[in-house]
Amino acid sequence: MQIFGVDIGGSGIKGAPVDLDRGDLAQERLKVLTPHPATPDAVADGVQEVVEHFGWTGPVGLTFPGVVTGGSHIRTAANVDKAWIDTDARALFSERLGGLPVTVVNDADAAGVAEMAFGAGRGREGTVILLTFGTGIGSAVFTDGVLVPNTELGHLELNGHDAEKRASSKAKDDHELTWEHWARRVTKYLAHVEMLFSPELFIIGGGVSRKSEKFLHCIEGIKAEVVPAQLQNNAGIVGAAMRATAGGGRAV
């Protein structure tokens, strides 16, 4: 079975049909740059471009980099235009896609659902936390496979700042940090999250998961197991497609 997944991020909008039996992309994904400013209409244009590129006419699952309540309404917009707040995203995207059925979910939650079903979290019980390091830091928290949605742990305070301002991959690039220096910041952040939640497993996702050999060995002193995401930067696309068919809170 195939469903289309779209992952909307602060820097790019990526999408492809997803093979839900394998938990993998059915075709090579298309990525377009996230517009700046990333207003609702401008982002919807990007989503339309990605979906129409494949000639897709079925259900579409979309991620959003912020809190999504009721499967549609946007409550926060840290890395996109503030005009998103209170937007009915499902109605916006469905209208732009010619009435196709649309599901909208927090981006890290989608990535987490995919990793729990097909990746590094598969078969893991207890508390598992996926953290996506990109333009910001997204989070997905699971207890015995059940998702606690919209946790947004990237906005925990770290050294007087939102953690994502200090430890995201964008912060690494903006401050021209070495992998070792950045890993020290990530370690401080993980230690803070661990103190609050005591997880058995941290899954490190986002684009940096492709380069885990550059920094993972520098993360020390964390009691939980720390592993890279297996689906890497495709996890959001896969999870968005999964949520377009499931709708529940369990990663199955």
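Rounded to the nearest 10 degrees, the angle from helix 179-197 to the longest Cα principal axis of the chain is 90 degrees. In the Gaussian network model of the chain, springs joining C-alpha atoms below 10 Å, which of 18, 148, 102 carries the largest mean-square fluctuation? Per the Cα network of the chain with a 10 Å cutoff, 148 tops the list. Converting phi to 3J(HN,Hα) with the Karplus coefficients 6.51, -1.76 and 1.60 and the offset θ = phi - 60°, the stretch 103-115 yields 10, 10, 9, 4, 5, 5, 4, 5, 4, x, 4, 5, 5 Hz in sequence order, with x at every glycine or proline.
Among 33, 196, 130, the largest mean-square fluctuation in a Gaussian network model of the chain, built with springs joining Cα atoms closer than 10 Å, belongs to 196. About the centre of its Cα atoms, the stretch 1-72 shows a dipole size close to 140 debye [charges on the beta carbon of Lys, Arg (+1) and Asp, Glu (-1) only; nearest 20 debye]. Only Cα pairs under 8 Å and 6+ residues apart enter the sum, and on that basis the relative contact order of the chain stands at 22 percent. Applying a threshold of 25 Å to the alpha-carbon distances of 31/170; 82/188; 165/211; 82/214; 31/223 flags 82/188; 82/214; 31/223 as lying beyond it. Taking θ as phi - 60° and the Karplus parameters 6.51, -1.76 and 1.60, the scalar couplings of the stretch 125-139 work out to 9, x, 9, 10, 10, 9, 10, 9, 9, x, 4, x, 10, x, 9 Hz in sequence order, x denoting glycine and proline. For residue 12, the amide hydrogen comes within under 5 Å of the amide hydrogens of 34, counting only partners 5 or more places away or on other chains and with H modelled in the peptide plane.
Given a 1.4 Å probe and every protein chain left where it sits, what share in percent of the accessible area of the stretch 121-179 is carbon and sulfur? That fraction is 46 percent. For Cα extents along the principal axes in Å, the value calculated from this model appears in (i) 43, 39, 34; (ii) 61, 37, 30; (iii) 51, 38, 31 under label (iii). Which of rounded, prolate, oblate describes the stretch 1-141, given a ≥ b ≥ c as roots of the alpha-carbon gyration tensor eigenvalues and a/c under 1.5 marking rounded, otherwise prolate only if a/b is larger than b/c? Judged from the Cα gyration tensor, the stretch 1-141 comes out oblate (a/c at least 1.5, b/c at or above a/b). Taking amide H positions as modeled 1.01 Å from N, with prolines and chain starts lacking one, the residues under 5 Å from residue 104 and 5 or more places away or on another chain are 62.
Between 237, 201, 137, the Cα set farthest toward the positive side of the dipole of the chain (charges on each charged residue's Cβ, about the Cα centre) is that of 201. A simple rule links phi to the HN-Hα coupling: the Karplus curve 6.51 cos²θ - 1.76 cosθ + 1.60 with θ = phi - 60°, which for the stretch 9-16 gives x, x, 10, x, 10, 10, x, 5 Hz, with x for Gly and Pro. With both residues required to sit in the stretch 1-153, DSSP beta bridges show an antiparallel share near 75%.
The values are calculated or read from the model by the stated rules, or taken from the named source; none is laboratory data. Values in this document were obtained by computation on a predicted structure and should not be read as measured data. As a convention, Cβ positions derive from the backbone with ideal geometry for all residues, glycine included, and neighbour counts pool all protein chains shown. SASA here: full protein model, heavy atoms, side chains in, ligands and nucleic acids out. Shrake-Rupley method; radii C 1.70, N 1.55, O 1.52, S 1.80 Å.
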